[in-house]
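Only one structure is covered here, and it is reproduced in the block below.
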Amino acid sequence: MRKTLSILLALILVISCAVPAFAGTDESTQVKSAITYLKGLFPELNQYPDFDYSFWKDEETNKQMLNLNWNEYETNKTVSVSIDDKLVIHSMYLFENTEGRKGLGDLTKDEGIKTAQAFLNKIFKNQGLVFEYSSLSIYPEENSYSFRAVKNGIPVENSDFSVSVDKFTGKVTAFSGYSIDEITDSSFASNSGLISKDTAKGVYKEKLAPALYSFTNLDYETGDVNRFFAYAENNWFGKHQYIDAKTGEIAENYIDDVYYGYGMNEAEKATEDAEEVIMSDAEVAAIESAEGSISPAEADAAVKSKVSYSFGQRTAVFYEYDQFSDVYTWNISYKNGYASVNAFTKELLQFDSYPFKYNSNKTVSTEKAKQTAESFLKSVSPEKFEQTVLLENKSANGQFVYARLINGVPSADEQLEVTIDENTGKVRNYDVTWYAGDLPEKGSLKTGEDAFNALEADAGFGLKYVKTAKDSYTPVYDFVTSPVYLLDAATLKKLDYSGEPYFDNTEIAYNDISGKWYEGIVEKLYENGYYLPEKTDKFEGNEKITQANFLAYIFSRDVYVNDVDDLYDYAISEGVIKKNEKAPDVIVTRQGAAKILVRCLGLEQAALHTEIYKNLFTDKVQSGYEGYVALAGALKIMNGDSKNRFNGMNTLSNAQAAAAILNMLLLK
């Protein structure tokens, strides 16, 4: 039995008076207050005969949360709501039996946005928020619409609200929100007295311009280390910094300064002379073949000569080779820590201590911690340290990150990282990421201002609210939409983090289908998750469609269609195409399309019995295709021309493919 999430939304009652929160009252009163409030918003809850609830406490916000469940067991329907002690709804779902549904839903994108927006306005009507549509996720029976909150005309960062709408009924099916507590419990600075966008842009370019980095991609099949230069926007990693819209100074987002760990008592401090070495036969063979490597005891001594820490008993030692760094290592596990040592040079490569005791009253200044970190690095890896630069925007709370310089450009991936305990002043963690391989030449690169302009054109630059203190938001200037890609330093083309062209997984808006006979067909397919693999603004309805693109159109919501091998593996596993029929670049004929679409309906065996079919068309169908063409015609998947000729050898255009695919899907 298929199920889908579905929430009743065709609800029209609006509550004009506030309902008192239930914090601090007894349980029955809390439940009664929540039920009264929710039934005021959603009167159809009165139709559910069964009910149960449960309490839980949100340890992070210290709020009393209440989960309410309305059930109708005979029809297998359940509504579930999570609401806090201030009567703010955090999530809402309806589980509903959808067995027997066929074809595609009729919900359009605009209808779904309107319904979802009305739902958000209803449940947050007392919060002074407006909700701005941001993106669409398409699923078989529902579409999920994402919104961000807008306060005082300014979008709120990290305010992601998701509302799902049933494509068959047009009702809201689910709601959830990110940062609901932060937004509803915080104050927002006014939007008056702000500096101009142009002023902020000048400061941003000067102080927070996109930074040039060397990125490293490891090829695990070949063992190659590939490096490339690219620009990353300021908040790509490390501190999130912005331009304060009131002062013009740099502002940072607020992060709870909390460490999680355990205090270590004396009973946990084990002796350090016991040792158990665990090695496989392969590791023993590797060790024996590596002449000149140090012993586990020497590796252990190398660790303890550099780090002052009570490790406890050594529990395991492993020997391995890193192909990318071209380094053999001894990896040592202790009761209270872990370390890795170069098996030939004794260089300490990694160290981690646990558990640790945290005291919020820090006794070590940032400058003192930095001095300790650099002194440690000069001791354990002086040659590497000389080739690094401190990344200020990635160093905070006792952690210091020193990036390797690749022809003068800091690396985003190859670094020395040290964490100093701000209570004891001791090194708590240390890690080296440093690979072998040739270093790339810089060549002619674009400037940081060029990168800024490219990002602004794509992501926009303007105001947003950012959480800058525990309970308050401040208006700042930044890129409106945070870029999730890199810019090639030479061309400014979008790259993913491996250096490959960035695949923009955003919505398609075809600008060449308006008024065409296939406009409604293409839009209905897209709103149900079906689209051509090339995500551009051109549909190009008259272009001939290849076999790979035809299959990608059919399976676009089932598999990652831009990987041709994955696409064919899936199509073959579904019985839609045979291995010997694979021809990605061949243009699809009408009879070839008929065969694929009939197989999509699971009618392959019926189509093979050609003797039972009458030719519905006036022209002759090629041998081997009779059954497929007959079924395609009888089921109205594909029609003949004005003279009722099927024209099986004619090729198929994108538009004709869309029409045939839609007709097939409406039968499923």
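The values are calculated or read from the model by the stated rules, or taken from the named source; none is laboratory data. Here the structure is a predicted model, which means the values were calculated and not measured. Cβ: placed from backbone, ideal geometry, glycine included. Neighbour counts: every protein chain shown. Calculation scope for accessible area: heavy atoms of the full protein, side chains included, ligands and nucleic acids excluded. Shrake-Rupley method; radii C 1.70, N 1.55, O 1.52, S 1.80 Å.
Annotations for the structure displayed:
- Solvent-accessible surface of the chain, averaged per residue with a 1.4 angstrom probe and all protein chains in place: 48 square angstrom.
- Over 29 Å apart at the Cα level, from the set LYS102/LYS125; LYS171/LYS464; LYS394/LYS442; LYS167/LYS614; LYS394/LYS467, are LYS102/LYS125; LYS171/LYS464; LYS167/LYS614.
- Measuring r between the beta carbons of GLU72 and SER187 and using R0 = 51 Å, the FRET efficiency lands at 0.75.
- Residue list for region 400-437, given a label point 7 angstrom along the Cα-to-Cβ vector of ASP219 and an amide N cut-off under 19 Å: 435-437
- Computed accessible area, SER305, all protein chains, 1.4 angstrom probe, square angstrom: 80
- For TYR531, residues with placed amide H under 5 Å, excluding near neighbours: SER556
- Backbone HN-Hα couplings from phi across region 172-182 [Karplus 6.51/-1.76/1.60, Hz, Gly and Pro as x]: 5, 10, 6, 9, 8, x, 9, 6, 4, 4, 4
- When the residues LYS493, LYS335, LYS620, LYS579 are ordered by accessible surface, computed with a 1.4 Å probe over the protein chains alone, the sequence from largest down reads LYS620, LYS579, LYS493, LYS335.
- The amide H of HIS90, built 1.01 Å from its N in the peptide plane, has SER82, ILE83, ASP84 as neighbours under 5 Å, considering only residues 5 or more places off or on other chains.
- Label-reachable residues, region 192-213, where backbone N falls under 16 Å from a point 7 Å from ASN453's Cα toward its Cβ: 201-202, 205-206, 209-210
- At most 16 other Cβ within 10 Å, DSSP loop - GluC sites (Glu not before Pro), region 372-477: GLU386, GLU441
- Sparsely packed loop sites in region 173-248 (the GluC sites (Glu not before Pro) outside DSSP H, G, I, E and B with at most 15 other Cβ atoms within 10 Å) comprise GLU221.
- Region 20-174: C-alpha gyration tensor shape, a/c 1.5 cut-off, then a/b vs b/c: oblate
- Under the simplified labelling scheme, the GLN622-ASN226 pair shows an inter-label distance of 3.8 nm, with each label point 7 Å from Cα along Cα→Cβ.
- What the Cβ-Cβ distance of LYS368 and ILE255 gives, at R0 = 22 Å and to the nearest 0.05, is a FRET efficiency of 0.50.
- Solvent exposure of ASP585, expressed as accessible area, is near 130 Å², computed with a probe of 1.4 Å over the protein chains only.
- Percent of alpha-carbon pairs separated by more than 42 Å within the chain: 48
- Sum of -39500 (n - 2.57) over DSSP H runs of 4+, divided by residues of the chain (222 nm, nearest 500): -7000 deg cm²/dmol
- Counted residue by residue at 0.36 nm each, then reduced by the alpha carbon distance between them, the extension gain from SER308 to ASP326 reaches 3.6 nm.
- FRET efficiency for GLU500 and LYS246, using Cβ-Cβ distance with R0 set to 41 Å, rounded to 0.05: 0.50
- Modelled spin-label separation between TYR139 and ALA469, with each label point placed 7 Å from Cα along the Cα-to-Cβ direction: 4.0 nm.
- Across region 396-413, coupling constants 3J(HN,Hα) worked out from phi with the 6.51/-1.76/1.60 Karplus curve, θ = phi - 60°, read 6, 6, x, 9, 10, 10, 10, 8, 5, 8, 9, 6, x, 10, x, 8, 7, 10 Hz, and Gly and Pro carry x.
- Extending 7 Å from the Cα toward the beta-carbon at both LYS636 and GLU132 defines two label points whose distance is 4.5 nm.
- Accessible area of PHE131 in the full protein assembly, 1.4 Å probe (Å², nearest 10): 10
- Sequence-separation-based contact order of the chain, relative, with Cα cut under 8 Å and 6+ spacing, percent: 10
- For LYS304, the aspartates and glutamates whose Cα comes closer than 13 Å to its Cα, not counting residues fewer than 8 places off in the same chain, are GLU272, ASP273, GLU347, ASP352.
- Within the shell defined by Cβ-Cβ distances under 12 Å, the residues around ILE420 carry a net charge of 0, with Lys and Arg each +1 and Asp and Glu each -1.
- Note: relative contact order over region 208-249, using C-alpha pairs below 8 Å and six or more positions apart, is 37 percent.
- Whole-Hz couplings from phi, Karplus 6.51/-1.76/1.60, listed for region 59-72; x for Gly and Pro: 5, 6, 9, 6, 9, 8, 9, 10, 9, 10, 10, 9, 10, 10
- The length gained by stretching the chain between ALA606 and SER514 to full extension, at 0.36 nm per residue less their Cα-Cα distance, is 29.2 nm.
- Spatial separation of Cα centroids for region 466-519 and region 643-659, in angstrom: 37
- Only protein atoms count toward the accessible area here, which uses a 1.4 Å probe; on the chain, the carbon and sulfur part of that area reaches 48 percent.
- Theoretical gain in end-to-end length, GLU392 to ALA583 [0.36 nm per residue, Cα-Cα removed]: 63.5 nm
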